[in-house]
Amino acid sequence: MEFFGKIGSSVEGGLAYVGSLTMLAGRAAYFTFIGPFQGKPLRFQRAAAQAMEAGVRALPILSLITFFIGLILALQAAYELRRFGAISFVASAVALSMTRELGPLITAVIVIGRSGSAFAAELGTMKVSEEIDALETMAINPVSFLVAPKFVAMLLMLPCLTIWANFMGILGGSLFGVLQADFTFWRYIIASLDALFMRDVMTGLVKSFMFGATITAVGCLEGLNTTGGAEQVGRSTTRAVVMSIFLVILVDLVFTMLFYFLGEH
Amino acid sequence: MAAAADIFGADTSFDGPMISLRDLRVSYSGREILHGINFDVQRGETLVILGGSGSGKSTLLRTLVGLEKPTSGEVWIRGKNFSAISEAERDEIRKRLGMSFQGGALFGSMTVGENVALPLEEHTKLEPTTVEIMVRLKLDQVGLSGFENFLPSQLSGGMKKRAAVARALAMDPEILFFDEPSAGLDPIIAAGIDQLILELKKAFHMTIIVVTHELASAFLIADRMVLINKGDVVALGTTEEMKNSKHPKVRQFLDRIPEPAVAQELDYLQMLTEPSTKSGEGRQGKSR
């Protein structure tokens, strides 16, 4: 009996957590979409600074990693395809797995490591040093001032980064294609593009959009919920990273299932 | 009577008590911290809230500026019930308040100038050049001229506090709150902060609320004092009245007499440690 009680209370805790994430995202959405019509202008400059940090500065490491992932995918796919003499399918295998799954996912993981953790650390530090309180006493809403620009930046940047990641992955695959599978570079790219339908790219982008919302909400919520001192900021950051990875995978699963069953018809 | 208005368009004609507390109770997770606080603060008055650690004085201050919600009772600020009005109205009142936090709470990613400019940029439609002038003015007032482009991390403890005061002054508040203004500062710097508070009081006729446990500073700046102990108002009066008070808690606080329980604990600790110390004269000297 106690066992079921424990399951019950952790499910309740989980739902409450998702509830607070949704509420935070909802308030940020209010300040982004409705606030500007009520005389509370959106802070474009802050959003742009966040987009620069979370998006543009992530490009080098994202490019490198997704290039390698593309190459790894090609090697792994070719290992099996070679046995059937179908090595030329390596291009479509890489293109499909990148755009549908690994592009959005790897991008999300990198952004969690770079930005999700940074959000939690930044807001957590501000919380423990009373800076959040200071904003409130100055009649500046912390969600509007700190969280909403992060949402705007992430929701714009994650799909962009994902497109770039897809491209870099295909580029990584092409290295194998050209060296080992008798492709020319352009033929490899054309083979990749031929394998892709708009649907594949779009499902990936929808997922990446959701990942962006998840990462921002978790990072900001963990930061804002920090109490105590500096060591708690570290703990919040860790929690933000672990929770984000878990929730991103969960969101990924839900949307992949959704697209799978929708795609049947 | 024509309503007076300042440059921000806010009504400055209110002449009732600036702050009025009615049986204010605040609880944290089921535990009551403040058990029914009552007092008024008049315009232009400096009230010092005294109390030991854990007395509830910080909670009282946080409730006054609206960072904590009362579980029951009322906080009236400028004739408005702070906890019964809408968020928008509360924000309007908050623009008339300035708060200097214990650690300064300056935004680390912004320069001192940007910190001071922030409330002006958020709440007024002043031109950037005007904002710049006002920032310089506020920094002059606290003795930090020329530090606009420094980051808070480049300032010393006392300078950080001054910068925080400049930010609190940015909107020309009617009520200024200080949380432990001299905590963590050396006596000379702390005296400088006291001086600053006195100057603000004299020059702008501001209502000032200071939370502290520094007695010397309290007696220097206060018009009236309130002593909080374990969530209750023990005594409230002018500095003279407090000095002459016979109330045991007031005497204990002002004469710095340790709690009997604490004294007993020390004896107990001494009893425990003494047999094990071999012949430590130095230790005896320390344990007193």
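Look at the alpha carbon pairs under 8 Å that are at least 6 residues apart: their mean separation over the length of chain A gives a relative contact order of 31 percent. Taking every Cα-Cα distance in the range B:29-80 and sorting them into 10 Å bins starting at zero, the pair-distance distribution P(r) comes out as 20, 58, 21, 2 percent. Given a Förster distance of 35 Å, report the FRET efficiency between A:Arg199 and A:Ser9 from their Cβ-Cβ distance, rounded to the nearest 0.05. Plugging the Cβ-Cβ distance into 1/(1 + (r/R0)^6) gives 0.30. With the simple model of a label 7 Å out from the Cα in the direction of the Cβ, B:Leu67 to A:Glu80 spans 5.7 nm.
Just to be sure I understand the curve: with the Debye formula and one point per C-alpha of chain B, what is log10 I(q)/I(0) at q = 0.07 Å⁻¹? Log10 I(q)/I(0), no solvent term: -0.31. What you get for the range A:111-228, charging only the Cβ of Lys and Arg (+1) and of Asp and Glu (-1), is a dipole of about 380 debye around the Cα centre. The GNM of chain A, with springs linking C-alpha atoms under 10 angstrom apart, assigns the highest mean-square fluctuation among A:Gly116, A:Gly219, A:Gly229 to A:Gly229. Taking every DSSP helix (H) stretch of at least 4 residues in chain A, weighting each as -39,500 (n - 2.57) and dividing the sum by the residue count yields a mean residue ellipticity at 222 nm of -26000 deg cm²/dmol. Paramagnetic label reach from A:Glu53 (point 7 Å along Cα→Cβ; backbone nitrogen cut-off under 17 Å): within the range A:20-46, residues A:43-46. Put a dot 7 Å past the Cα of B:Lys230, heading toward its Cβ, do the same for A:Ile61, and the two dots end up 5.3 nm apart.
All C-alpha to C-alpha distances of the range B:1-145, sorted into 10 Å bins beginning at zero, yield P(r) values of 9, 32, 34, 21, 4 percent in whole numbers. Taking Cα centre as origin and charging only the Cβ of basic (Lys, Arg, +1) and acidic (Asp, Glu, -1) residues, the dipole magnitude of the range B:32-163 rounds to 300 debye.
Compared with the dominant principal axis of the Cα atoms in chain A, helix A:44-54 is inclined by about 50°.
Computed FRET efficiency, Cβ-Cβ of A:Leu42 and A:Glu2, R0 60 Å: what is it to the nearest 0.05? Efficiency, from the Cβ-Cβ distance: 0.75. Pairs from the table (A:Lys127/B:Lys161; B:Lys57/B:Lys249; B:Lys57/B:Lys125; B:Lys201/B:Lys243; B:Lys80/B:Lys201) lying more than 26 angstrom apart at Cα are B:Lys57/B:Lys125. Between the range B:148-194 and the range A:4-54, the C-alpha centres lie 33 angstrom from each other.
Other residues within the sphere of radius under 12 Å centred on the Cβ of B:Val75, judged by their own Cβ, net out at +3 (K and R +1, D and E -1).
Beta bridges assigned by DSSP with both partners in the protein assembly as shown are antiparallel in approximately 55 percent of cases.
Panel note: the C-alpha atoms of the range A:1-113, placed on their principal axes, show extents of 62, 55, 22 Å (largest first). Divided by 2.2 N^0.38 Å, where N counts the residues, the Cα radius of gyration of chain A comes to 1.15. The tail of the calculated P(r) for the range A:119-265, taken as Cα-Cα distances beyond 18 Å, holds 67 percent of the pairs. Kirkwood analysis of the range B:88-216, using all unique Cα-Cα pairs, places the hydrodynamic radius at 14.7 Å. Restricting the range B:74-178 to trypsin sites (Lys or Arg not before Pro) that sit in a DSSP loop and have at most 14 other Cβ atoms within 10 Å of their own Cβ leaves B:Lys125. The fewest-to-most ranking of A:Ile106, B:Ile133, B:Ile188, A:Ile245 by surrounding Cβ atoms within 10 Å reads B:Ile188, B:Ile133, A:Ile245, A:Ile106.
Other residues lying with their Cβ under 13 Å from the Cβ of B:Leu144 contribute a combined charge of +4, Lys and Arg counting +1, Asp and Glu -1. For the range A:195-265, the fraction of C-alpha pairs farther apart than 21 angstrom is 40 percent. Relative to the first principal axis of the alpha-carbon coordinates of chain A, what is the inclination of helix A:148-180, with its axis defined by its Cα atoms, in degrees from 0 to 90 and to the nearest 10? Value to nearest ten degrees: 20. Specify the inter-centroid distance of the range B:96-136 and the range A:176-215, based on alpha-carbon positions, in whole Å. Rounded to whole Å, the Cα centres lie 48 Å apart. Taking every alpha-carbon pair under 8 Å whose residues sit at least 6 apart, chain B reaches a relative contact order of 22 percent. Helix A:198-224 and the longest principal axis of the Cα set of chain A meet at an angle near 30°.
Using a Debye calculation, one point per C-alpha and no hydration shell, please list log10 I(q)/I(0) for the range A:74-204 at q = 0.09, 0.12, 0.21 Å⁻¹ in order. Rounded to two decimals, the profile gives -0.41, -0.59, -1.12.
Cut-off under 17 Å on the C-alpha distance; same-chain residues fewer than 8 positions from A:Lys207 excluded. Which aspartates and glutamates are left, in chain and number order? Output for A:Lys207: A:Glu101, A:Asp252. Listing A:Trp186, B:Trp76 from fewest to most neighbouring C-beta atoms within 10 Å gives A:Trp186, B:Trp76.
Overall shape: prolate for the range A:47-144, with the ratio a/c of the largest to smallest alpha carbon gyration tensor axis at 1.5 or above and a/b above b/c. With semi-axes defined as the square roots of five times the eigenvalues of the C-alpha gyration tensor, the equivalent ellipsoid of the protein assembly as shown measures 56, 29, 23 Å, largest first. Placing +1 on each Lys and Arg Cβ and -1 on each Asp and Glu Cβ, with no other charges, gives the range B:94-240 a dipole about its Cα centre of roughly 160 debye. Take every DSSP beta bridge whose two residues both sit in the range B:159-256; close to 55 percent of them are antiparallel.
The numbers here are math on the coordinates, done by the rules we state, and not lab data. Predicted, not measured: the structure shown is a model, and the values here were computed from it. Positions of Cβ are generated from backbone atoms using ideal geometry, with glycine treated the same way; all protein chains shown enter the neighbour counts.
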